[in-house]
Each structure stands twice: as structure tokens, then as C-alpha cells.
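The values are calculated or read from the model by the stated rules, or taken from the named source; none is laboratory data. Bear in mind the structure is a predicted one, so any value in this text is a computation, not a measurement. Here the Cβ is made from the backbone with ideal geometry for all residues, glycine too, and neighbour counts use every protein chain on show.
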Amino acid sequence: MAKILVTDDEKAIRRSIKEILEFEKHQIDEAEDGVMALNMASANNYDVILCDIKMPKLDGEELLSKLIETNNPAAIIMMSGHGTIDTAVSCVKKGAYDYLAKPIDLNRLLVSIKNALDKNTLVTETKTLKKKISKSTEMIGKSTALTKVKEIVAKVAPTEARILITGSNGSGKELVAKQIHEKSNRSTGPLIEVNCAAIPSDLIESELFGHEKGSFTSAVSQRKGKFELAEGGTLFLDEIGDMSISAQAKVLRALQENKIMRVGGDKEIKVNVRVIAATNKDLKKEIEQNNFREDLFHRLAVIPINVPSLNERVDDIPELCDYFIASICEEMGISKKKISESAIKLLQKNNWPGNIRQFRNVIERLIILSGNDITEKEVEQFI
């Protein structure tokens with residue numbers, strides 16, 4: 001059921017439209033002129049506003065302009081018995097969802113309203129998803145260590161510079177990579193992630209560069225690799241310190257020439273991707289031990305970013321507590337629980353080798369096993 005405002009100076013037209021739409025289970029309000037409609041639209045959240053063009057006090061086109069200026073979220077459908085194609089085009093350009101000629105074709109009216117409601121639903125869902133995505137990639141905290149990371153991200157994100165993110169497991173390297181992509185000029189393109197440690201060394205080249213049909217036993221069809229899939233966007237090579245030497249050589253060539261070649265192929269393919277890499281290893285030591293190519297290291301580490309461990313940013317724990325308690329309770333469909341200051345201080349004194357990942361698990365455990373209030377006693381018992 002939708003909430004709809006019918007605006008027309010002819011009472012008979014308003015009433016006939018109202019009867020039809022109420023039969024379709026919609027909630028209908030009426031306005032006899034543009035000024036009345038503007039006031040009602042300001043005071044109510046309408047899904048659709050039906051608006052006649054020729055009206056006293058404030059005509060339909062003026063009403064449309066004012067509704068658009070105030071960012072009214074309703075879908076606005078214009079109606080007129082005196083309009084022309086130019087009028088219809090003008091209204092749509094100004095922001096109207098649709099234009100209907102009088103006498104109103106009732107089937108056309110119902111279809112237009114249905115489509116408008118479907119569009120409203122998609123817009124709402126898109127905003128919700130964007131909000132969730134933005135929230136899920138937010139870096140929580142104001143400590144000096146994290147603030148430095150945020151400042152670097154803000155500076156380098158709009159550039160095309162390659163970035164090497166270092167830090168211990170669970171510290172949030174992937175989060176930093178996502179923030180860089182979202183703030184970059186490539187944000188409308190894909191962000192393709194590859195966990196180099198999770199892919200067997202004999203398959204990593206196929207994963208990155210793709211393969212041609214018949215290039216090896218299980219290659220039953222042609223397949224694009226991650227470099228091609230990331231075209232126009234960002235390729236995030238996580239745990240790059242675990243990549244095989246042979247794959248490193250091919251990645252280096254791809255970075256140097258912006259070209260790749262599929263496994264089993266003989267044709268070079270141009271690629272346009274930004275590469276962000278991350279590792280929990282000391283790559284300089286890996287270079288000394290001949291486990292990592294020095295030339296690749298220098299290609300990747302144009303901008304190095306070291307993500308601090310949670311033990312280096314304990315000042316952020318109160319804010320992280322509030323964030324995780326709110327989000328986890330929302331996921332569980334329960335009221336937000338409270339945590340005492342003494343409990344937070346105890347969490348700040350704890351050692352966090354697993355960093356943010358470990359911290360979130362502990363907060364979830366406390367939420368499940370504690371009452372409405374999380375106290376120092378629960379922290380001592382369940383940490």
C-alpha cells in the first residue's frame with residue numbers, strides 16, 4: 001500500500017482517481033490547488049504525487065520545481081488535458097517521473113504508479129546497501145596511530161600510485177584497501193580481491209591471468225583472470241608475500257607493461273588496473289632470503305602504509321566497543337547492550353595478538369553470554 005497525493009482543481013477528477021486507487025488498497029489524500037499540495041507534501045511522506053498542470057494559486061510546473069528544489073522523495077506524475085509533447089518533455093527534464101494526458105487512461109495510470117513505486121523501492125534499497133557498505137568499510141578510531149593511516153589514505157586514494165599495506169593478521173589491511181578504492185577515481189569500477197596465500201602455487205597464475213581452453217588438464221574452457229576482471233578498477237593482492245617466485249615475475253611484467261598473457265595463450269591483453277598489495281610478512285627479510293623479488297617490492301611499495309596493531313591503538317577500544325556492540329546487537333535483532341567503564345578499561349589492558357578480528361569475536365561472545373549490561377566480571381570470565 002502506498003501513500004499518494006492527488007492534486008487537481010477539479011473535484012470530480014480527484015474523486016474518480018481516489019476511488020480507483022483506494023480500490024487498489026492505496027492511501028489517498030487530496031489537494032485542490034498547488035499551494036495546498038506543497039504544504040501537504042512538506043508535512044507528509046508521500047510515495048507518489050499526482051499533479052495537474054493547470055491549477056490556481058500555483059500551477060503544476062511551479063509545484064514540480066518547488067518539490068524538486070526541496071528534494072521531496074516522492075515520484076511526481078504530471079497530468080494535463082491541455083499539454084503538448086513539449087510540455088511533457090519539459091516536465092520530465094525538470095524531474096517528473098511521468099506525464100499522463102487527460103482524459104486519464106486508468107490502466108496507464110495504474111502502470112505508471114506501479115513503476116514509480118518499484119523505482120522508489122530500488123532507490124531505497126540502493127541507499128541502504130550503500131550505507132551498509134560504507135559502514136562496513138569504516139575505520140573506527142581517533143588514536144594518533146590510526147589518524148596517520150587515515151591521512152595517508154586521504155592523500156593517496158585519488159592518485160594512481162601503487163600501495164603496499166603491511167601489518168599483522170587481523171589489524172585491518174583489507175579495510176584500508178577498501179577505503180582507498182572507495183575514495184579513488186576508480187570507485188565506480190570493480191574491486192577484485194585475491195588471497196595469494198589461499199591459492200595453491202600451481203594455480204595462482206591461472207587465477208591472476210586466466211587461461212585458454214586446453215592449456216592444462218582441467219582447463220575445459222577459456223577463463224578470464226583477476227587482472228582482466230578488475231579492468232577499470234582495483235586489484236587487491238592480499239598476502240602477496242606468499243606468492244610463488246614464478247607468479248611474482250609475471251605480476252612484475254604486468255605492472256611494468258600493463259599487459260598480461262593468459263596461461264596457454266600467445267596474445268597479449270592490455271589491462272587498466274590499480275594494484276594494491278598487502279602482507280603480514282617483512283618483505284625486506286623475504287628478499288634477503290630470496291623468497292621475494294626486490295624489483296617487484298619496489299614496484300608495489302610506491303606508497304607504504306603500515307596498519308597499527310590494536311595494542312598500538314588501545315585508545316580506540318572504547319569507540320570500537322560501542323561500534324561492535326551496536327552492529328552485532330542489530331544483526332542479532334536485540335536491544336543494544338551497555339558496557340561499563342571498568343569493563344572497557346579491562347579490555348584496554350588485555351593483549352590482542354589477533355587484533356580487530358579477535359576483539360570483535362570477544363565482543364560478540366560477551367553480548368551472547370552477558371545480561372543487558374556487560375560488566376568487568378563478564379570480561380574477566382569470558383575474554
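The table below lists the values:
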{"item": "Some residue of region 289-303 being of a type in the set (A, V, I, L, M), out of contact with any Asp or Glu (no Cβ under 9 Å at 6 or more places or on another chain) and assigned to a strand (DSSP E or B)", "result": "yes"}
{"item": "Residue tally, condition surrounded by fewer than 17 Cβ atoms within 10 Å (Cβ to Cβ), of a type outside the set (Lys, Arg) and over 29 Å from residue 152 (Cβ atoms), over region 308-359", "result": "10"}
{"item": "Failed condition for residue 233, given (1) in contact with a Leu (Cβ under 7 Å, 6 or more places away or on another chain); (2) modelled with pLDDT under 95", "result": "(2)"}
{"item": "Qualifying residue in region 92-99 (condition: surrounded by 12 or more Cβ atoms within 10 Å (Cβ to Cβ), free of Cβ contacts under 8 Å to residues at least 24 places away in the same chain, farther than 20 Å from residue 34 by Cβ and in the same structural domain as residue 26 (by TED's automatic domain parsing))", "result": "no"}
{"item": "Test for residue 157: is it surrounded by fewer than 22 Cβ atoms within 10 Å (Cβ to Cβ) and modelled with pLDDT of 95 or more", "result": "yes"}
{"item": "Subset of region 1-21 that is closer than 12 Å to residue 49 by Cβ and among the charged types (D, E, K, R) - its residue that is nearest to the chain's Cα centre (by Cα)", "result": "3"}
{"item": "Residue 111 being in a helix (DSSP H, G or I), of a type in the set (A, V, I, L, M, F, W, C), modelled with pLDDT of 80 or more and exposed (fewer than 14 other Cβ atoms within 10 Å of the Cβ)", "result": "yes"}
{"item": "Members of region 155-182 found to be charged (D, E, K, R), within 16 Å of the chain's Cα centre (by Cα) and within 16 Å of residue 195 (Cβ to Cβ), listed by number", "result": "174, 178"}
{"item": "Residues located in region 1-49, provided they are within 25 Å of residue 71 (Cα to Cα), of a type outside the set (Gly, Ala, Ser) and assigned to a loop (DSSP other than H, G, I, E, B)", "result": "1, 8, 9, 26, 32, 33, 44, 45, 46, 47"}
